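S.K.: Pasting in a structure now, in structure tokens, and then I'll have a few things to ask.
The values are calculated or read from the model by the stated rules, or taken from the named source; none is laboratory data. These figures come from a predicted structure and were not determined experimentally. Because the Cβ atoms are built from the backbone with ideal geometry, glycine has one as well, and the counts that use them run over all protein chains shown. Accessible surface areas use protein heavy atoms only, side chains included; no ligands, DNA or RNA. Shrake-Rupley method; radii C 1.70, N 1.55, O 1.52, S 1.80 Å.
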Amino acid sequence: MNPEAIRLLSDLLGPSNLKTALEDRITYAFDASGTRAIPEAVLFPRTREDVPEIVKIAARFGIPITARGAGSGLTGGAVAPSSGMVLDMSCLDRIIRIDPGNLLAEVEPGVVTAELQAAVEREGLFYPPDPASGSFSTIGGNIAENAGGMRAVKYGVTRNYVMGLEVVLASGEVIHTGSKCLKDVVGYDLTTLFVGSEGTLGIITRAILRLLPLPEARRTLLALFPSMSKAAETVPRLFKSRVVPSTLEFMDRVCIEVVSKYLESGFPENAEAVLLIEVDGRRSAVNEEMGEVHRVCKEQGAMEIQTAASESERDVLWRSRRSIHNALRRLRPRWEEEDVSVPIASIPAMIETMEQIRRSHGLLLACFGHVGDGNLHISYVPKDETATDSPRLGRARHDILRAAVDLEGRIAAEHGIGSIKRKEIGWNLDQPTLHLMETVKHLLDPDGIFNPGKIFPGEEAGSHAS
Ligand SMILES: Cc1cc2nc3c(=O)[nH]c(=O)nc-3n(C[C@H](O)[C@H](O)[C@H](O)COP(=O)(O)OP(=O)(O)OC[C@H]3O[C@@H](n4cnc5c(N)ncnc54)[C@H](O)[C@@H]3O)c2cc1C
């Protein structure tokens, strides 16, 4: 990196907040995807005011700059090109204010999601977005990816809880979008533009987040079904009986098998699908709704239904869903993973297509996810243990993404495009739409210093090592 830029950054942050040693840079060369690139430097802003100054120096010397939260992203978003620098935002981790009167919180981007959830719950409040990575991912990363999670079926995704943002632009200017008002139509909705922009338009330094009153009670049920179709059909039946669960997760037969072995949990051998269902709200309503969920599952032919009477029993029911990744990894060290969504009524058709792809490509393929909001996670490896069988995996990946698109679905549900899905983005976005997005990117970041090589086809950044 330009020595003058290093000197200016070191003067600004202090030498201990600028790392250029190889061993430090290597630890920032990856995220939770298979993408790898060693950055030139890693920077730790100490205050929000540091960020515009860093950006101005980056812009002056044309150095790419990639913001990073916890690096838990699954599409390579936080991996900087080898000619760029990483801005570790996790140090800006203050919960500035929890405001019960206005049902909102103001936070810095490095706050860990679960820590915010716990802090607002202590005040009787509720921050609903709940990615499975919540115990380590950050609010900044959640906003930049528009993270979803377990409660999206009832409460929506991160976007629905971001009321306003402070953002540092590529010019070093600081802008403020949105407000503390729930109703606000003053100008264009720039807040939404930055939510899900994957660090390509600006660096988020503060967020105003919407909170809800904490539900009085929640109840959890796990039901095992003899077929995937019976489980999938349970979802519209629940909606028909006017129950909107807060969580509606599913696991297919492969997940059941590996999780049973991993946890020695003893699910029935002939179970083909699991639904994990949670309802929340006022205690009386929750009990009534849980009764309805139980009835519908039984009517749909559930072989076994387990309910949780306490928090510790709830943890037991959740353990199988939470263990899927670890259980799969014990079987094989590396799985390809797709994160697609389809309109909710197309879930059974998507699951059926996955069965065909499993057979025609000779794959071990595990399907699980947020069945209530149409989001499927598909993990797959070759059956015959040739872990480097990439052409076959490439063809399977193509067919999985295509199947989602054919059902009017999306190639990315909650993990973003990053560097991994850039080539396929045109499968969902037509040329004029993509062109408009590129124009917006160019307007806000004319020299392309923010997170190059992400979202748009054609740019290179980082290599993908699967
Ligand atoms: C085990 C596991 C489970 C997961 N489960 C879910 C899930 O249920 N739902 C879900 O949606 N995702 C899930 N994810 C993916 C990941 O956790 C989310 O995408 C999360 O939002 C990333 O947050 P992070 O802080 O780790 O961000 P990072 O990975 O560090 O960064 C992600 C993107 O955000 C940008 N960014 C980070 N901070 C800022 C900032 N302050 N300003 C601008 N841009 C910024 C980065 O440049 C990058 O493009 C999971 C990941 C793992 C490993």
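S.K.: Note the full-extension length gain between His435 and Asp399 as 0.36 nm times their separation in residues minus their Cα-Cα distance, in nm to one decimal. Write out the running numbers ahead of the final one.
M.R.: Working: separation 36, 0.36 × 36 = 12.96 nm, distance 2.59 nm.
Length gained between His435 and Asp399: 10.4 nm.
S.K.: Could you sort out which of Lys240/Lys298; Lys154/Lys421; Lys383/Lys421; Lys230/Lys298 sit more than 18 Å apart by Cα distance in this structure? Don't skip to the end; give the middle numbers.
M.R.: On the way: Lys240/Lys298 15 Å; Lys154/Lys421 28 Å; Lys383/Lys421 24 Å; Lys230/Lys298 11 Å.
Flagged as over cut-off: Lys154/Lys421; Lys383/Lys421.
S.K.: With Cβ to Cβ distances under 15 Å as the rule, what net charge do the other residues near Gly266 carry (K, R +1; D, E -1)? Working shown, then result.
M.R.: Numbers: positive: Lys261, Arg319; negative: Glu257, Glu264, Glu269, Glu304.
Around Gly266, the charge tally is -2.
S.K.: Right, another one. Enter the angle in degrees (range 0 to 90, nearest 10) between the Cα long axis of helix 347-361 and the first principal axis of the Cα atoms of the chain, meaning the one along which they spread out most.
M.R.: 80 degrees
S.K.: So with the 1.4 Å probe, I'd like the accessible area per residue for the chain, rounded to whole Å². Write out the running numbers ahead of the final one.
M.R.: On the way: 20300 Å² over 466 residues.
I get 44 Å² per residue for the chain.
S.K.: In bins 10 Å wide, starting from 0, what share of all Cα pairs of the chain does each bin hold, as a percent?
M.R.: 4, 20, 29, 26, 16, 5, 1, 0
S.K.: Here's something else I'd like to know. Report in % the part of the accessible area of region 249-391 that belongs to carbon and sulfur, leaving out ligands and nucleic acids; probe 1.4 Å. Walk me through the intermediate numbers first.
M.R.: Values: 3190 of 6650 Å².
Accessible surface attributable to carbon and sulfur in region 249-391 totals 48 percent.
S.K.: Another one. What is the distance in Å between the Cα centroid of region 380-453 and that of region 312-377?
M.R.: 19 Å
S.K.: What number, rounded to the nearest 500 deg cm²/dmol, is the helix-based mean residue ellipticity at 222 nm of the chain, given -39500 (n - 2.57) per DSSP H run of at least four residues and division by all its residues?
M.R.: Values: 15 runs with 160 residues, N = 466.
-10500 deg cm²/dmol, from helical runs alone.
S.K.: With both bridge residues required to lie in region 1-153, what share of the DSSP beta bridges run antiparallel, to the nearest 5%? Show your work: numbers first, answer last.
M.R.: Values: 8 of 15 bridges.
Bridges in region 1-153 that DSSP calls antiparallel: roughly 55 percent.
S.K.: If you don't mind, another one. Any idea how far the Cα center of region 70-137 sits from the one of region 206-273, in Å?
M.R.: The distance from the Cα centre of region 70-137 to that of region 206-273 comes to 26 Å.
S.K.: Can you give the net charge of the other residues whose Cβ lies under 9 Å from the Cβ of Ala132, counting K and R as +1 and D and E as -1?
M.R.: +1
S.K.: Here's a follow-up. For every other residue with a beta carbon closer than 15 angstrom to the beta carbon of Met1, add +1 if it is Lys or Arg and -1 if Asp or Glu, then tell me the sum. Mind showing how you got there, number by number?
M.R.: Numbers: positive: Arg7, Lys19, Arg25, Arg60; negative: Glu4, Asp11, Asp24, Glu40.
Around Met1, the charge tally is 0.
S.K.: So how strong a dipole does region 272-354 carry about its Cα centre when Lys and Arg Cβ are +1 and Asp and Glu Cβ are -1, to the nearest 20 debye? Please report the intermediate quantities before stating the final value.
M.R.: Working: 12 positive and 16 negative charges, 80 e Å.
Here region 272-354 has a charge dipole of around 380 debye.
S.K.: Could you tell me what percent of the accessible area of region 1-76 is made up of carbon and sulfur, with a 1.4 Å probe and every protein chain present? Write out the running numbers ahead of the final one.
M.R.: Details: 1740 of 3210 Å².
Of all accessible area on region 1-76, carbon and sulfur atoms account for 54 percent.
S.K.: While we're here: Per-residue accessible area for Leu182 at 1.4 Å probe radius, Å² rounded to 10?
M.R.: 130 Å²
S.K.: Using Cα atoms only, what is the angle between the long axis of helix 253-263 and the major principal axis of the chain, expressed in degrees (0 to 90) to the nearest 10?
M.R.: 80 degrees
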